[in-house]
Amino acid sequence: MPKALSYPFGIAALGLGYFLAGQVGLAIDALEPGHAAGAIWPPAGVALAVLLRFGIGLWPGVALGSALVTWEAGHSGGEIVAAILSGTLMALAGAWLLSRSARFNAQLRHVNHALALTFHGGVVAGLVGAGIVAFGVLFAGADSLDALSVGLFGWLGNASGVLLMAPLVLLWVGDGSAWRLPHPAGETIASLVLLALATAIGFGLLTLGEDMGLPLGFAPVPLLVWIALRLPLRWSALAVALTVLIAGIATANGHGPFALFRTTERQLLLWTFATTVGMTTLLLGIAVDGKRRAIDRLRQLARVVERIGAVRSLRELTTIVCRATRELTGADGVTFVLRQGAECNYVDEDAVGPLWKGQRVPLESYSAGWGMPHEPPVVIEDVYADPRLPHEHYRATFVRSLAMVPIGHGEPRGAIGSYWSARHRASSEELALAQAVAEAAAVGLGNIDLYQRLDSARRDAETAAAELRASEAFKDKVLEGSLNGLCLYDLKAHRFEFINSQYTTLTGYTLQDLNSLTAERFLALFHPDDVARIVRHREALANTGDADAREIEYRLRRSDGRWIWLLSHDSVLEREADGSARRILGTFVDVTARREAQEAELRGRADQALAEQHALVAEIATSLAHELNQPLTALTNYCEAARLMTSAAEGVASERLPKVLQQACDEAQRASAVARRLRDAVGAGAGERTTEVLDTMITYAIAQVSPAAERSGTRIHYPEARPAIRVTVDRHQIEQVLSALLYNSLEAMQRSASPRREVTVDTAHHQGWAEVTVQDTGPGLLAVADAELFDLWGSGRHRGAGINLAVCRSVVEAHGGRLRARSGGEEGARLSVVLPLTPNEAVPIGP
């Protein structure tokens, strides 16, 4: 219906209802002809209930109904005005008093609500209406006793009318669900029918045979108690109204236990009966209905707690909490507020009108904030009467009263606010229900936090698992796709944990094949000459840092019996608590082709060196015949001359003989030197080779020539703290080569005119080669032909030096190296010995 029509329609409907209720009141009984009301006046309760339910703006309907009832009863204009004022002001006074009472609720959920309705709406407001009627009667010319009588019965009628009719209208009008029959419906109908029959029999409208004159007015009481115990409260209100109506009609028609009394006494007895059964039934029904509602609330609360326990999101939680709190407390609105720092965040709401959803307000300035740091609930009966509240915060809403309960204890995380449009003081039961929901909400918030953490952990675990699977797949792809053989070996369990397919391709062994071998059979896979190095390698690997690795080359017998060379690169993958190696990761490369090529090269060099040595021996033999022939011939001649001199005159012999003999000795020494050079040249390739530190051999050679250097005033420079360069050589031969080079430089500088005499020795290594350089400040090599420098019988820097350089070159080349010489110009000569570096030593973990 349009709003413009709903208000007139409401006034008309109220006026009509008031008029009909007035006709019922007149039909029950009247004090005497001409009076407008008896001891029960139903319109008073109808008017008050309608104003409470739909608002005091409908008061013109009360005035309209009062005028119609009084006019229909045949009263004059002054009495009509008095009746209008009486009915209207009583209804307005009662509605105003009850709206300001914290002990009243239109739903009559508590005994205090019924008592407040009876006292404020019936006794106090009824006295207002009765007083106006009494003054009207007195003003019309009646004596004071009549006015007092009319006023007294009017007061009683108003009070009983409120007690009997106001609950009926409040509980039935405006609630569509009230018209549905409770389960079982048959019990409800049967109870009302039996009540009507019992009341009719008790008050003489129906007789059971001959009238025995028994007082049966109590007959409906047991049924009223039954209805109060079994049916909802609205049916108890209907049963009371039905009982009083039947009893009043019967009494007005001279039937029932009250008919024998005079009019005034009859009205008082009827009023007593009506108020007694009405108050008793109503209070009993409220108590029982409260217990029933409490049970229902407990069941509802249990369902709410169960639902809250299953929530997974804040939105779902707030929706359940707001809806449940509003249903349990009967509030007109509920808000869910969370504490965020120094502010209150109105997260959600369920209300008849908009409140503050989505707003943030200071914590200490609003009632929502009070319910958080202080655990006791906050109850405010009138928000506009509390100076602590910012009233402008509530003016745009319907809120008149409120109650806040904290969510959680100690440090509450939020609060639940319940709001009422009318003045209302939340009962302890309502607060307890709201607090129970709040505690369940605190658990729900904790569950949400837990579920979020679990969900985050689940997602992290799924991500980690996916990454692990991807990593495993990538690892498998890398391991299987590697060109090198890979293995993981457990030193404690003495078994292989993993080998890739390339390892099987290299060796011919599968993982099962390797782990099935005994220790002896496993060791037999290695070449006997390499076993000792492998053992040392494993021992050294145990002391290697986790970030370091060791390498070794060794021979392994394949499954087909063929020997192959493997380069193994090994590192510690896992250690025990005591630091010892537990798992070893090894990578393997087949270097058989390279090793065979190196061995072939070495064999070729050895063959070449042997051929060169044979050629040298042949050359030496040829040269020896030539070189020895001259000194031996001269020696023979000198010896013959000496013999002849001894046979000559004594004076001549003694004068020339010493000189001849000296010449013979010189020729003999010359022949000896030739023989010595021949011995050194022939024996240059012999000796056992070992791995030596180059610095040690240089230091030895310098020590050998130091006395000669001091005698000649020559300084030898050799830097300290040189890197440990290792070469595999015959130590004595290389030391002789280095000594020869140093002696050569010393002897060369003795012929130099320069006062600066220095020899500098230095080392270097690059690309698998080690180099020793000897730099002097002598005359250099400008005066010596290149072909003559390394000639076995050449005469380079000094007499007899040629064979030394030739032998040095033979020794160095026999070691796979080179001897190079170049002039330094003004800085003398520079001789370099280049030797191959010793390969790094290491051993694998397994094959």
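Details
- Only listed residue being open to solvent by 10 Å² or more (accessible area, probe 1.4 Å), over 30 Å from L223 (Cα atoms) and part of a loop (DSSP other than H, G, I, E, B), chosen from R303, R323, R339, R312: R312
- The residue of the range 462-516 that is modelled with the lowest pLDDT, among those that are over 20 Å from Y554 (Cβ atoms) and in contact with a Ser or Thr (Cβ under 6 Å, 6 or more places away or on another chain), is E480.
- Odd one out for A93, checked against (1) farther than 18 Å from T118 by Cα; (2) open to solvent by 20 Å² or more (accessible area, probe 1.4 Å): (1)
- Contacts under 7 angstrom Cβ, first residue in the range 48-60 being assigned by the TED database to the domain that holds S99 and free of Cβ contacts under 8 Å to residues at least 40 places away in the same chain, partner surrounded by fewer than 20 Cβ atoms within 10 Å (Cβ to Cβ) and among the aliphatic types (A, V, I, L, M), 6 or more apart: W59/L92
- Tally, over the range 541-557, of residues that are out of contact with any His (no Cβ under 7 Å at 6 or more places or on another chain), surrounded by 15 or more Cβ atoms within 10 Å (Cβ to Cβ) and not in a strand (DSSP E or B): 2
- Candidates are the residues of the range 201-228 that are at pLDDT 90 or above and surrounded by fewer than 17 Cβ atoms within 10 Å (Cβ to Cβ); the one that is nearest to L282 (Cα to Cα) is W226.
- Residue count, the range 575-593 (criterion: touching an Asp or Glu at 6+ places or on another chain (Cβ under 9 Å) and not hydrophobic (A, V, I, L, M, F, W, C)): 5
- Taking (1) surrounded by 15 or more Cβ atoms within 10 Å (Cβ to Cβ); (2) at pLDDT below 85; (3) farther than 24 Å from L602 by Cα in turn, R751 satisfies each apart from (1).
- Count of the range 705-730 residues which are surrounded by 15 or more Cβ atoms within 10 Å (Cβ to Cβ) and part of a loop (DSSP other than H, G, I, E, B): 5
- Residue list for the range 233-257, filter: free of Cβ contacts under 8 Å to residues at least 60 places away in the same chain and open to solvent by 30 Å² or more (accessible area, probe 1.4 Å): L242, N253, G254, H255, P257
- Test: residue in the range 458-478 that is over 30 Å from G579 (Cβ atoms), in a helix (DSSP H, G or I) and in contact with a helix residue (DSSP H, G or I) (Cβ under 9 Å, 6 or more places away or on another chain): no
- Hits in the range 231-279 - residues which are under 22 Å from A166 (Cβ atoms) and outside any helix (DSSP H, G or I): L231, P232
- Residue check, L483 open to solvent by less than 70 Å² (accessible area, probe 1.4 Å) and either aliphatic (A, V, I, L, M) or farther than 25 Å from R562 by Cβ (or both): no
- Members of the range 113-148 that are under 60 Å from the mean Cα position of the chain (by Cα) and open to solvent by less than 60 Å² (accessible area, probe 1.4 Å): H113, A114, A116, L117
- Among (1) within 15 Å of V591 (Cβ to Cβ); (2) surrounded by 13 or more Cβ atoms within 10 Å (Cβ to Cβ), the one test that S571 misses: (1)
- Residues located in the range 558-578, provided they are under 39 Å from the mean Cα position of the chain (by Cα) and assigned to a strand (DSSP E or B): D570, S571, V572, L573, E574, R575
- Filtered residue count, the range 513-540, keeping only those that are open to solvent by less than 80 Å² (accessible area, probe 1.4 Å), within 22 Å of A493 (Cα to Cα) and among the basic types (K, R): 0
- Inclusion of R423 among residues that are in contact with an Asp or Glu (Cβ under 6 Å, 6 or more places away or on another chain) and under 21 Å from P354 (Cα atoms) is warranted.
The values are calculated or read from the model by the stated rules, or taken from the named source; none is laboratory data. In this text the structure is predicted, and so the values were computed from the model without any measurement. Methodologically, a virtual Cβ is constructed for each residue, glycine included, from the backbone with ideal geometry; neighbour enumeration extends over all protein chains shown. The area values use the complete protein model at the heavy-atom level, side chains included, leaving out ligands, DNA and RNA. Shrake-Rupley method; radii C 1.70, N 1.55, O 1.52, S 1.80 Å.
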